[in-house]
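Take a look at the structure set out below.
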Amino acid sequence: MTSTLFSPFELNSTLTLKNRILMAPLTRCMADENLVPTEQMAQYYARRADTGLIISEATIIRPDGQGYPNTPGLFNQAQVDGWKKVTTAVHNNGGKIFAQLWHVGRVAHPFFFGSGDVLSASNIGIEGSVPRMRNLSYQTPRAASVEEIAQLVADYAKAAKNAIAAGFDGVEIHGANGYLIDQFLHLASNNRSDEYGGSVQNMSRFALEVVDAVIAAVGSDRVALRLSPGAYFLMEGHHDDRAVFDHLLQALNSRSLAFVHIGIFDDSMTFDYLGGHASDYVRKHYTGTLVGVGGYTAQTGAKAIAENRFDLVAVGRPMIANPDYISRVKNSEPLKEYEESMLQVLV
Ligand code: FNR
Ligand code: 8K6
């Protein structure tokens with residue numbers, strides 16, 4: 001029974017969603033050579049405006065946050081103008097859209113931004129190479145200094161302001177999937193001994209500073225956060241990670257965010273150190289609106305919401321395969337199966 005998905009959901013006094021199905025953030029690597037969103041991207045998002053909320057593909061806050069080709073930015077006027085076309089097209093079709101704010105940290109490659117260091121929480125690198133550009137191996141990052149951390153926090157806030165100037169309804173801070181903020185939150189990538197490492201308070205500090213700066217910039221009603229307490233991508237899990245997330249989620253309870261969103265590919269995964277599914281773990285510790293994701297259909301998403309496991313469901317790959325996902329589900333029409341080859345064009 002999916003009808004519960006199609007009733008409006010009040011996120012807060014500023015934003016009400018027309019249904020409970022979100023378009024998950026999906027990197028498409030289709031921005032132009034200056035990382036400006038294109039007209040094709042505007043049409044692609046506009047076709048999905050009947051979802052309750054679109055979360056944009058991850059969008060870099062500054063040049064050294066880039067780790068994949070042609071990912072859009074939100075750090076100059078041309079990019080703001082490009083995104084304005086996207087948000088206008090979505091709004092004209094009656095939709096709402098948040099920008100996902102991204103810095104990849106140690107997953108960055110200077111190939112994309114010229115000279116300069118790759119920054120992370122610590123000087124702990126990852127193995128492997130940039131997808132689609134296998135000749136570019138990942139570099140050992142440099143631990144950001146306290147001054148550089150302050151600048152990063154300011155740059156997240158500036159990108160959030162740019163997002164609002166570009167017409168977005170809000171922002172989702174990308175704190176998940178092994179990227180910069182997540183690199184501060186996990187033991188495998190943070191061995192600092194200053195105020196940003198070594199204790200649960202210190203390891204949570206960068207994430208909370210970014211959250212607070214972005215809230216100060218655009219207001220808490222328009223700010224969401226994506227988190228991966230269960231390490232599954234570009235990150236190794238550690239038994240003691242849990243205490244960090246226990247602390248972080250408790251601290252987030254008093255921040256009045258629009259929502260927290262699980263960062264995971266398949267929510268049927270379980271994590272020993274979290275005592276089960278990542279979504280169930282966050283539900284237990286976080287009292288605000290929670291978005292579940294990862295392998296859900298409209299049916300299984302509706303069931304999870306009915307069981308109070310989360311409040312809203314985000315859909316990723318099926319949304320790539322089916323621009324008309326919402327009407328197909330509403331009318332019980334069959335869905336097209338997602339295939340990786342679909343990533344080559346914006347349909
Ligand atoms: C993703 N995902 C993702 N997550 C994120 O936070 N920012 C992003 O830019 C991307 N980009 C991205 C690209 C592609 C091609 C895929 C397949 C996935 C993860 C995505 O938001 C979602 O969590 C997963 O796809 C799981 O949901 P589904 O696809 O099972 O509904
Ligand atoms: C060039 C394309 C760049 C796409 C970047 C974002 C892709 C995110 C996809 C996440 C995939 C995670 C798969 C990990 C599964 C691990 C299961 C243990």
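Here the dipole of the range 74-225 is about 480 debye; that uses its Cα centre as origin and unit charges on the Cβ of Lys and Arg (positive) and Asp and Glu (negative).
Over the residues of the chain, the helix contribution to mean residue ellipticity at 222 nm works out to -9500 deg cm²/dmol, using -39500 (n - 2.57) for each DSSP H run of at least 4. The stretch between T287 and N135 holds 50.2 nm of extra length on full extension. This uses 0.36 nm per residue minus the Cα-Cα distance. The value obtained for the range 1-156, namely the Cα convex hull volume divided by the number of residues, is 154 Å³ per residue. Positive-end ranking of M41, H285, L152 along the dipole of the chain, with charges on Cβ about the Cα centre, is headed by M41. Taking every C-alpha pair closer than 8 Å and separated by at least 6 residues, the mean separation divided by the residue count of the chain gives a relative contact order of 16 percent. With the convex hull of the Cα atoms taken as the outline of the chain, the averaged projected area works out to 15.6 nm².
Please identify which residues in the range 204-227 have an amide N closer than 12 Å to a label point set 7 Å out from the Cα of E195, following the Cα→Cβ vector. Taking a point 7 Å out along Cα→Cβ of E195, the residues of the range 204-227 whose backbone N falls under 12 Å are 205-206, 209. Taking label positions 7 Å along the Cα-Cβ direction at both Q299 and L343, the computed distance is 2.8 nm, reported to one decimal. In this model, which of K84/K161; K96/K158; K18/K161 are farther than 23 Å apart at the alpha-carbon? Over 23 Å apart, Cα to Cα: K18/K161.
Only the coordinates and a few stated rules stand behind these numbers; no lab work does. All figures in this text were calculated on a predicted structure; none of them were measured in a lab. Ideal geometry is used to build each Cβ from the backbone, glycine not excepted, and the neighbour counts take in all protein chains shown.
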